[in-house]
Structures are given as C-alpha cells and as structure tokens.
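Remarks on the structure that follows.
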Amino acid sequence: AETAAVDGPVALLASGLPPAVAERMAIGADLRSYRFDRHQTPKPRKPGEDAPLVVVGAESGAAQRFAANDRPLVEAGDFARDLVNEPANILYPEEF
C-alpha cells in the first residue's frame, strides 16, 4: 500500500530468491496490472498508479527470458480477458 503513494518506478529485490520464484513474482505483477477501461471515460491519473515494476535479481539474462517466454503468456491472458470483458453489443457471440 505504501508504494501506491510513490510516483516513480518500484523496485522489487529478488536477489536472494530462486530464479523461478522471482520470475513468478514478475508474472504475477504483470497479470495484476491488467485493466479493462476501453469504454470508460478517462480518469485523472493517481500518483504511483502506473508506476513500472522492476524485479532486481542476481541472475543475468532473466529480463530477456521474461520478454521471450513469459511476456507472450501474459499478453495472451490479457487478450482473453479483453474478449470476455467486451460487451455483447461490441463483440457479438458469433464473433466471439
């Protein structure tokens, strides 16, 4: 809750954790950032609301593996969420 008031990047120190745990934390944070507000009136941005999360770990190459392996998984999940959240008058059942 404290990071919600911060306006800037948030760092998560994962250097003492196994690489798989740090990877799952990054995936979870990325999945948590999903929002479906396509049909809503834009609201003013709150401080810290869109702050990027940086997972800091001791393993080199983790960011490249996340971008190659995990980010497409998160994007596919976000796409499925978009399809489910789209109203029936925009995305007809036949198209779905």
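In percent, how large is the relative contact order of the chain, given Cα pairs closer than 8 Å and 6 or more residues apart?
42 percent
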Task: Pairs of alpha carbons in region 13-58 whose separation is greater than 12 Å (percent) - done: 69 percent
Open item on the list: What do you get for the angle between helix 71-85 and the principal long axis of the chain? Use alpha-carbon atoms, 0 to 90 degrees, nearest ten.
Closed with: 30 degrees
- [ ] Relative to the longest principal axis of the C-alpha atoms of the chain, give the angle of the C-alpha long axis of helix 19-32, reported between 0 and 90° and rounded to the nearest 10°.
- [x] 30 degrees
Open item on the list: Once you place label points 7 Å from the Cα toward the Cβ at Glu94 and Ser60, how far apart are they in nm?
Closed with: 5.7 nm
Task: Helical mean residue ellipticity (222 nm; -39500 (n - 2.57) per DSSP H run of 4+; nearest 500) of the chain - done: -10500 deg cm²/dmol
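Taking the mean number of other Cβ atoms within 10 Å as a proxy for protection, how do you rank 73-80, 89-96 from highest to lowest? Before the final figure, lay out the partial values.
Details: 73-80: 12.8, 89-96: 8.2.
Peptide ranking by packing, descending: 73-80, 89-96.
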TODO: Using Cα pairs closer than 8 Å and at least 6 residues apart in sequence, work out the relative contact order for region 12-60, in percent.
DONE: 79 percent
Task: For Val10, residues with placed amide H under 5 Å, excluding near neighbours - done: Leu53, Val54
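Taken together, the values in this text are just the output of simple stated rules run on the coordinates, not laboratory data. Bear in mind that the values here come from a model prediction, so they are computed numbers and not experimental data. Methodologically, a virtual Cβ is constructed for each residue, glycine included, from the backbone with ideal geometry; neighbour enumeration extends over all protein chains shown.
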